[in-house]
Amino acid sequence: MLSTQAPGELVVHPRQVFASRPVIATALLLALGVAVQRVPGLERARIFTAPEGEAAADVAQLVADDQKLGESTLATESHFREELALPEQIRVTERKGPIAAKQDDFKIPAIDAEQPPVPLIDPESLSQFYASLAKTAIKRDGQITRIVYHGDSLVASDYVTATLRRKLQTQFGDAGHGFMLVANAWPAYFHNDVFRFASRGWVVSRVVGPYLKDGLYGLGGVSFKAAPGVRARFGTAEKGSYGRHVSRFRIAYLSQPHGGDLKLSVDGKLVETISTRADAKTSGFHDVVVSDGEHQLEILTAGGMTRVFGVAMERDQAGVVLDAIGIQGARVRFLDKQDDTHWAQQLAWRDPKLIVYQFGANESGDGFAYSMEDYHRTMKEVLLQAKAAVPGADCLVLGAMDRARKEKDWMITVPVIPLIVDEQEKTAHEVGCAFWNTFDAMGGKGSMAKWVRRGLGQADLTHPTSVGAEIIGNWVYQALISGYESYRKAAAPKRAPGTP
């Protein structure tokens, strides 16, 4: 685990960051945001959309519990919420009205641009990922190329990741949706192109709080435990072109002394019961194999207290799988709140060929309370840990998006954002990761204000709308594909002069 104490720091422990004014203000905005989410027609334009009914109380409880050691019980059921689903076809329309009438030199990007505004930096560092993609493209040995994509609230709502997943699977094949948490650890947690449900009663501890003493949070940064009689379901999408097939459900849980049982049902029929009991705490994994097609898996706790992390859905065929590992409120250094050995086991289980890091929004909320030197150091240690855990995986760091704040009648870039982006690029280079500059792609300083005026950025001046996220997701895809095409050309056999 990272040691965060250093002489002379303004903030010497990450938990102190939670008590800082920017973080308290963010928590208040989150709670207030829940109250305005019921305005008709705004659902897909917002990330922080809460379920109806008891959700506001659930949010308030989670916010209150964030700084505690322990756990919090989820009081609401988790459902697939149609209003949050990303359409398969998204149109960019010019916003009309007095705000949009303010003229500037910003031109709305094409939603399916064939080239990103800025290139991928150090694409040669993605050779292992590209080699896997090349095998996947020709269906060699059923090659599956897995991507583990870490991020904050943007990824927790499957923004950008859904677009990237769909585009990669369209080109290289659909090998399954990937990893999902057992239940909604945050009201805004969402995954496109799947069916999900969880009953009430799951008890959570998270890397953003409430915290666990043992540091065992699973791949998604959240540990779920439950007494007998609590359930969760995972299944293929019920409509649309994506996520309609699965042939393997992969369950991640904790084996531990006095662990309970998991009753596993497929399409309503009990198929087996597995025990999570063991002499000591260790990562447990179990696969349920089904015929390739439309299916639902239900896990039901029984026979004691059971701890589960999540389920991955895959297919036994060549293609791409993208695990969207979104943690609301996270900073990149929070990934190291995991026990190091445990996190390494979780990453190795997924066997990714590419690990992506997309953070910065919450770091920018901390302002300068956490020094850039410490930001660089802790980020570097997280990236190095992952590289050691899965040496067969490459890594990609996505620069933070622009974030604005209001000053009188103006919206200006939060001053710390360019510094964070600089540190992200430096760290990526030192560790041997590729880097893509989202900040520059958006337009640099002042770009979020323009995105908000054009309907591509949300009113919180931090997150993109679904349309803005689609544009960014396409840019990331095009940047990766550009590097892939260069890799293919370089790897192609050279022909002798005069050879046809």
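Of all DSSP bridge pairs formed entirely within region 16-491, close to 70 percent run antiparallel.
The reciprocal of the average 1/r between distinct C-alpha atoms defines the Kirkwood hydrodynamic radius, which for region 123-224 equals 15.7 Å.
Per-residue packing, averaged as other Cβ atoms within 10 Å, sorts the ranges 213-223, 354-364 into the order 354-364, 213-223, beginning with the highest.
When region 16-491 is described by a simple charge dipole with +1 on each Lys and Arg Cβ and -1 on each Asp and Glu Cβ, the residue from Tyr130, Asn474, Gln143 located farthest towards its positive end is Asn474.
Excluding same-chain neighbours fewer than eight residues apart, the aspartates and glutamates reachable from Lys107 by a Cα-Cα span under 18 Å are Glu94, Asp402, Asp440, Glu470. Taking amide hydrogens as placed 1.01 Å from N in the peptide plane, the amide H of Ile144 sits under 5 Å from those of Gly319, each at least 5 positions away in sequence or on another chain.
Total lysine pairs in region 376-475 at Cα distances under 18 Å, for residues eight or more apart or on different chains: 6.
3J(HN,Hα) along region 349-360, derived from phi through the Karplus expression 6.51 cos²θ - 1.76 cosθ + 1.60 where θ = phi - 60°, amounts to 4, 7, 6, x, 9, 8, 10, 10, 10, 10, 9, x Hz, with x in place of Gly and Pro. For Met372, Met180, the sequence from fewest to most other C-beta atoms within 10 Å is Met372, Met180. A straight Cα-to-Cα reach below 19 Å connects Lys213 with the lysines Lys68, Lys225, Lys281, Lys337, residues fewer than 8 places away in its own chain not being considered.
The local environment of Gln128, defined by Cβ-Cβ distances under 10 Å, has a net charge of 0 under the rule Lys, Arg +1 and Asp, Glu -1. Volume per residue of the convex hull around the Cα atoms, evaluated for region 16-491, comes out as 136 Å³. Between amide H atoms placed 1.01 Å from N, distances below 5 Å from Phe195 occur with Gly235, Thr236, Ala237, all of them 5 or more places distant or on a separate chain. Looking at region 362-500, the DSSP beta bridges with both ends there are about 60 percent antiparallel. Here each label is just a point 7 Å from Cα along the line to Cβ, and for Ala113 and Met372 those points are 2.6 nm apart.
Any read-out appearing in this document is the output of simple, stated calculations on the displayed coordinates, not a laboratory observation. Owing to the predicted nature of the structure, the values given are computational and were not obtained by experimental measurement. Heads up, the Cβs are rebuilt from the backbone with ideal geometry, glycines too, and the neighbour counts pull from every protein chain shown.
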